[in-house]
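If you scroll down you'll find the structure; I have some questions about it.
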Amino acid sequence: MPSLEEELFPSTPGKFKIDRGQSMNRQFHRYFASTSTMFLWALFLIALTASYLSFQSFVDSGSRCFSASWGGIQWEKQVRNSAQIHRSGGMSVLVTGAAGFVGTHVSLALKKRGDGVVGLDNFNNYYDPSLKRARRSLLNSHGVFVVEGDLNDVKLLAKLFDVVAFTHVMHLAAQAGVRYAMENPNSYVHSNIAGLVTLLEVCKSANPQPAIVWASSSSVYGLNDKVPFSEADRTDQPASLYAATKKAGEEITHTYNHIYGLSITGLRFFTVYGPWGRPDMAYFSFTRNILQGKPITLYRGKNRADLARDFTYIDDIVKGCLGSLDTSGKSTGSGGKKKGNAPYRIFNLGNTSPVKVPELVNILERHLKVKAKRNIIDMPGNGDVPFTHANISYAQRAFGYKPTTDLQTGLKKFVRWYLSYYGYNNRKGLQ
Ligand SMILES: O=C(O)[C@H]1O[C@H](OP(=O)(O)OP(=O)(O)OC[C@H]2O[C@@H](n3ccc(=O)[nH]c3=O)[C@H](O)[C@@H]2O)[C@H](O)[C@@H](O)[C@H]1O
């Protein structure tokens with residue numbers, strides 16, 4: 001005798017008894033049987049989908065756990081310790097791009113004077129990541145903790161603001177380099193546009209909102225030929241995608257200042273150089289090639305004119321960053337709502353004395369005591385501009401900005417660092 005359960009939910013059609021009762025009953029049974037089969041199939045499919053989805057989320061969270069190097073009690077403790085302020089009236093600063101060239105120097109300077117600093121860097125491989133790791137070790141040894149993560153990771157940014165009520169953000173993370181923008185345009189959009197917006201979104205919602213100082217670029221002057229470049233000059237003719245993304249950053253930050261009351265200062269850096277610098281930049285790659293006996297390529301402008309840059313030494317840039325942080329004023333909003341007007345500023349940070357690129361090579365030759373093999377070619381249409389020259393009167397007025405290192409002196413310090421970092425000091429014939 002089949003159980004009631006077996007009658008209602010026959011496990012297979014073969015078990016279905018058709019000889020027990022009348023046709024109505026049979027039809028009822030048949031109808032019920034096919035419905036229940038469908039129901040079972042539906043249940044099965046739902047279960048299958050659910051287990052697929054939960055497997056996917058396990059894989060996702062698993063891979064995040066394995067690949068992400070953030071989160072957990074120990075990690076939060078490191079972040080908090082690093083953000084600790086050790087002077088009265090000090091600030092706690094989130095430095096993005098902390099393992100970068102400018103980021104490392106600014107983080108060290110802030111830490112040295114007693115401010116709290118937490119670094120963020122994605123350690124991408126645009127240039128040798130081992131140099132970034134070495135900078136991180138330097139920062140660690142001075143008590144600066146650098147979180148490994150991307151600017152576009154909104155969860156990570158939100159977590160950082162959960163753990164620390166940052167008073168300031170020094171935003172230096174970016175895809176740098178003028179000419180590389182032709183090779184990898186999307187990396188500029190990813191970091192300089194999308195990453196910037198992600199950061200601003202988190203900052204605008206933070207309570208309290210931090211004041212933001214960030215790296216724009218001298219490249220925004222583009223085809224402007226009025227010298228020296230003043231912040232009041234036109235910047236609507238970028239010559240490269242890099243410049244265009246930095247200019248876009250200036251407009252984007254303006255809207256966040258206007259709508260949400262975020263205090264914003266954009267800094268137009270002029271070709272920054274110095275120890276722990278960027279290997280993709282001319283002074284660095286020229287040094288490497290000269291020492292290795294390889295030729296260097298020098299671009300020449302229209303009518304065989306030499307290109308020139310307002311090369312600015314890193315210590316002068318650090319002074320400009322700290323001066324900007326100290327005078328940033330407060331953001332006015334909280335929880336995404338503006339409570340009043342906040343400062344919006346843009347400053348040139350340059351040396352105010354441009355040097356022709358061949359002269360830069362002459363100086364390197366003297367410091368390295370090696371002759372360069374120069375290969376001079378016409379400037380390719382790669383986004384370069386013929387010259388840059390900063391007018392720094394705005395920064396002078398705002399916080400007494402005054403660069404003090406000329407190219408000769410700054411390159412001497414760079415070369416000394418280069419030779420020691422790459423182990424040349426132990427080799428014969430060099431310094
Ligand atoms: O101020 C900025 O906002 C930018 O500064 C920097 O850009 P640039 O001023 O272009 O510096 P950099 O590449 O060192 O070339 C220097 C000179 O050497 C010439 N140059 C370069 C390479 C080469 O092989 N030959 C050559 O002649 C070249 O034509 C140029 O005249 C940063 O990289 C950039 O990220 C951004 O911050």
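The values are calculated or read from the model by the stated rules, or taken from the named source; none is laboratory data. Just so it is clear, the structure is predicted and the values come from calculations on it, not from any experiment. Methodologically, a virtual Cβ is constructed for each residue, glycine included, from the backbone with ideal geometry; neighbour enumeration extends over all protein chains shown. Only protein heavy atoms, including side chains, enter the accessible area calculation; ligands, DNA and RNA are left aside. Shrake-Rupley method; radii C 1.70, N 1.55, O 1.52, S 1.80 Å.
In nm, to one decimal, how far is the residue 369 label point from the residue 113 one, both placed 7 Å along Cα→Cβ?
Reported label-point gap for residue 369 and residue 113 is 3.8 nm.
With both partners inside region 242-385, how many of the DSSP beta bridges are antiparallel, as a percent to the nearest 5?
Close to 20 percent.
Along region 141-155, what does the Karplus equation 6.51 cos²θ - 1.76 cosθ + 1.60 (θ = phi - 60°) give for ³J(HN,Hα), rounded to whole Hz, x for Gly and Pro?
5, 9, x, 9, 8, 10, 7, 8, x, 9, 4, 7, 8, 5, 5
Taking a threshold of 24 Å on the Cα-Cα distance, which of the pairs 112/132; 356/402; 294/356; 319/412; 112/159 fall above it?
112/159
On a straight-distance basis, which lysines could pair with residue 155 in a cross-link, Cα separation under 19 angstrom, same-chain partners fewer than 8 positions away excluded?
Straight-line reach from residue 155, under 19 Å: 77, 204.
Could you tell me the accessible area of residue 422 in Å² (1.4 Å probe, neighbours in place), rounded to the nearest ten?
80
Accessible surface of residue 406 in the full protein assembly, 1.4 angstrom probe, to the nearest 10 Å²?
Looks like 80 Å² after rounding.
So what's the gap between the Cα centers of region 356-429 and region 276-334, to the nearest angstrom?
8
Let me ask something additional. With a cut-off of at most 13 other beta carbons within 10 Å, and DSSP calling the residue loop, which trypsin sites (Lys or Arg not before Pro) in region 225-287 qualify? Please list them. All intermediate terms of the calculation are to be shown ahead of the outcome.
Details: sites: 226, 234, 246, 247, 268; in loops: 226, 234.
Sites meeting the loop and neighbour criteria: 226, 234.
Which far-off residues, 5 or more places away or on another chain, put their amide H under 5 Å from the one on residue 212, with H placed in the peptide plane?
Answer set, sorted by chain and number: 169, 263, 264, 265.
In Å², and per residue, what accessible area does region 318-431 have when probed at 1.4 Å with the other protein chains present?
52
Per residue, how much accessible surface does region 91-199 expose to a 1.4 Å probe? Answer in Å², no decimals.
With all protein chains present, region 91-199 gives 34 Å² per residue.
Probe radius 1.4 Å, ligands and nucleic acids ignored: give me the carbon and sulfur share of the accessible area of region 224-290 as a rounded percent.
54
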